[in-house]
Amino acid sequence: MELAASCVGYCGADLKALCTEAAIHAFREKYPQVYTSDDKYLIDVDSVKVEKYHFIEAMSTITPASQRGSIVHSRPLSLVVAPCLQRHLQKSMNHISDIFPPLTVSSELTKLSILSYGSAIPLVYRPRLLLCGGDGSGLDHLGPAILHELEKFPVHSLGLPSLLSDPSAKTSEEAVVHIFSEARRTTPSILYIPQFNLWWDNAYEQLRAVLLTLLEELPSDLPILLLGTSSSSLAELDGNPYSVFPQRSVYQLDKPSIEDRSLFFDGLIEAALSVLLEAMTKKSKEPKSLPELPKVPKVASGPKVSELKAKVEAEQHAIRRLRMCLRDVCNRILYDKRFSAFHYPVTDEDAPNYRSIIQNPMDVATLLQRVDSGQYLTCSAFVQDVDLIVTNAKVDHVTCHSSRPTMANACQKATVTNR
């Protein structure tokens, strides 16, 4: 319950991140060895216990989504001031439950009133509550605490900072009108005016008139609660502030009673003693060496199916690129007239005894055919066949004295070019 009260404004993703971060803090405290080594250890997950202070440490590193773009006015009473203000909070909530029925009225009663009278009975009559107290009375804690108790209702702030920072309004009057329209659209809702005494003193006549007009135009049965705080009594304010908060809607905060102060100092002393005891306990404990964790035995395993598949795909891609490159080389030779003697196989008409002298004939057209059929898996196999063309040309030129005297020279040029 204490953790839930501290998570005001946290959405589902924020709560998930908070739990994850707290678990990581607890795991890091239990097994710090994991973060100082690359080895894998056998971990007992059930031995990791997430405590309260782990969540406190995690909350210091998380910013709720509601606090990133707007101001959250609601927050629970802190443990420090709770003994002094819990009594006023309970009385204020009892008063609100009397004047603001949506807080306690069940849906069954509303359905019954609709069935009995044809329409819902007006359960609200312009509910308003002003918390008055002097400086140091705890208004800055009590107002947000009441809003926290009413967290299921949307809150629309009419404070001076909210009016001046409204980007959709050019003037304060437009901002007030916009806030009232939003409150009417999201009923039941709450209109919140913090430091009403400062608001009333600094508001000019036109702004006061707009506020009073909008309040009077609200239907009497519309469930909109007007809640405000004031550090001075309404009698000290100029004008007619009772037109906003009638005398019957003012709750005066008195000074803490003797019981309240006793509870406050008891908690304070207990907290101080616990801090001192914790410090002495830490000082008395000797630093212990971290235990040696058992390592996960290494199991020899072959490559995964995904790794083999990726390797095969990479090899096929490399072969396709090689085939494209070799095809381009062959086409460039075929388009070059200087090497026309090597474009196609030697026929019997050109050299009748060619087959008897050259055991392994080779030409560029045959190279291109082998490239297209995927017979070359490496560049070295292609270069060997090119060297075979050069070797055959030299043998043919020297042995047979072919009618193509420039064959060897052309073949040398082709070899150098393709290499």
Given the Cα-Cα distance of R28 and Y251 and 0.36 nm per residue of separation, how much length would full extension add, in nm?
-> 75.3 nm
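Tell me the net charge near H317. Cut-off is 15 Å between Cβ atoms, H317 excluded, with +1 for each Lys or Arg and -1 for each Asp or Glu.
Working: positive: K309, K311, R320, R321, R323; negative: E313, E315.
After counting each charged neighbour, the total is +3.
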With DSSP loop assignment and no more than 14 other C-beta atoms within 10 Å, the chymotrypsin sites (Phe, Trp or Tyr not before Pro) in segment 142-211 are Y204
Measuring from label point to label point, each 7 Å out along Cα→Cβ, what is the L273 to A318 span in nm?
-> 7.6 nm
Dimensions in Å of segment 146-280 - Rg and Dmax from alpha carbons | 19.7, 64
A correct Karplus calculation of ³J(HN,Hα) over segment 181-189, with 6.51 cos²θ - 1.76 cosθ + 1.60, θ = phi - 60°, whole Hz and x for Gly and Pro, returns 5, 5, 5, 5, 6, 10, 5, x, 9
Report the net charge of residues surrounding S172, where surrounding means a beta-carbon distance below 12 angstrom and charges are Lys +1, Arg +1, Asp -1, Glu -1.
-> -1
Quick one: which residues, 5 or more positions from V250 or on another chain, have an amide H under 5 Å from its amide H? H modelled 1.01 Å from N in the peptide plane, none for Pro or chain starts.
-> L130
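So how much slack lies between L15 and S220, counting 0.36 nm per residue of separation and subtracting their Cα-Cα distance, in nm?
On the way: separation 205, 0.36 × 205 = 73.80 nm, distance 3.92 nm.
Gain on extension, L15 to S220, equals 69.9 nm.
Find out how many positive minus negative residues lie around N360, taking Lys and Arg as positive, Asp and Glu as negative, among other residues whose Cβ is under 15 Å from that of N360. Numbers along the way, then the final one.
Working: positive: R355, R370, K394; negative: D363, D385, D387, D396.
It works out to a net charge of -1.
Here, each number is a calculation from the coordinates, and none is a lab measurement. Since this is a predicted model, take the numbers as computed values, not measurements. Virtual Cβ from ideal backbone geometry, glycine too; neighbours counted across all protein chains shown.
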